[in-house]
1. Are there any pairs with C-beta distances below 7 angstrom linking a residue in the stretch 158-173 that is assigned to a loop (DSSP other than H, G, I, E, B) to a residue that is open to solvent by 80 Å² or more (accessible area, probe 1.4 Å), with the two at least 6 apart or on different chains, and if so which?
2. Looking at THR157 and the list (1) open to solvent by 60 Å² or more (accessible area, probe 1.4 Å); (2) hydroxyl-bearing (Ser, Thr, Tyr); (3) touching a Gly at 6+ places or on another chain (Cβ under 9 Å), which single condition is not satisfied?
3. Filter the stretch 176-211 for residues that are surrounded by fewer than 11 Cβ atoms within 10 Å (Cβ to Cβ) and touching a Phe, Trp or Tyr at 6+ places or on another chain (Cβ under 9 Å); which is farthest from ARG131 (Cα to Cα)?
4. Do we have GLU155 as charged (D, E, K, R), modelled with pLDDT of 95 or more and under 26 Å from ILE65 (Cα atoms) here?
5. Looking only at residues that are open to solvent by less than 30 Å² (accessible area, probe 1.4 Å) and part of a loop (DSSP other than H, G, I, E, B) in the stretch 118-146, which one is modelled with the highest pLDDT?
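The values are calculated or read from the model by the stated rules, or taken from the named source; none is laboratory data. Being a predicted model, the structure only gives us computed values, none of them experimental. All Cβ positions, glycine included, derive from the backbone under ideal geometry; neighbour counts span all protein chains shown. Side chains included, ligands, DNA and RNA excluded: accessible areas come from the protein's heavy atoms. Shrake-Rupley method; radii C 1.70, N 1.55, O 1.52, S 1.80 Å.
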Amino acid sequence: MECRPLLAPAAASLLLMAGAHARAEDDRAPHVLHVAGGDFPALVMVVPDDHASHALDVAPGCERIRARRLDELAPGWRQHVVRVELDCDDAMADDESEAFTAVNARALLHPERVRLAGQPVTEVRLMDSQRWGDHQYVLATPYVTAAPALRRFVEDTCREQAIAREAVDMACTMLKADDGLYLPAGDTGGIWIHADPDDATRTLYVEAWAD
């Protein structure tokens, strides 16, 4: 009986080439994610409550909040995050009239995988409660280097939004603050750029609000 090859030479060659291409795709470094502010990833999730008595208008406590696993992050972020850390506190307001949940989530990033205004981002920090929100991109660049690029990026983005909204009176020039730059956004928040007080080699891009 004549034995014939299972695949013709041309077909076998194509499969070998496809396999080599697939391995090359696997070995290729992940693409760089360019963030623009206002696009922070969701780092925590609320565990469903099995108790029917849970009031719909009551914010979940720390017992129902956990850090997301890497496979639970948005697809664009999964390959860029090393790990997510979470600190949560059920506290009372200063006047002790209202309980609230304060969540502090932090994502450590792979080096050189995420950039903002061309600057490398090394961490994402999200601090939230019912009374304030403070979202930060931590840049692995000193303030003196990062600030000009960030300022130009923030002001250009603001002007583009003003044109799109036909908001001719929209202020887009960042103001000098004691420790950096500030662009107001409404009555309760804005964008800040300043050096990381805990590490002079880093710069913080901050979007924050408070009631």
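1. Pairs that qualify, where the first residue is assigned to a loop (DSSP other than H, G, I, E, B) and the partner is open to solvent by 80 Å² or more (accessible area, probe 1.4 Å), are CYS172/ARG159.
2. (1)
3. Among residues in the stretch 176-211 that are surrounded by fewer than 11 Cβ atoms within 10 Å (Cβ to Cβ) and touching a Phe, Trp or Tyr at 6+ places or on another chain (Cβ under 9 Å), the one farthest from ARG131 (Cα to Cα) is LYS176.
4. no
5. My answer is THR141.
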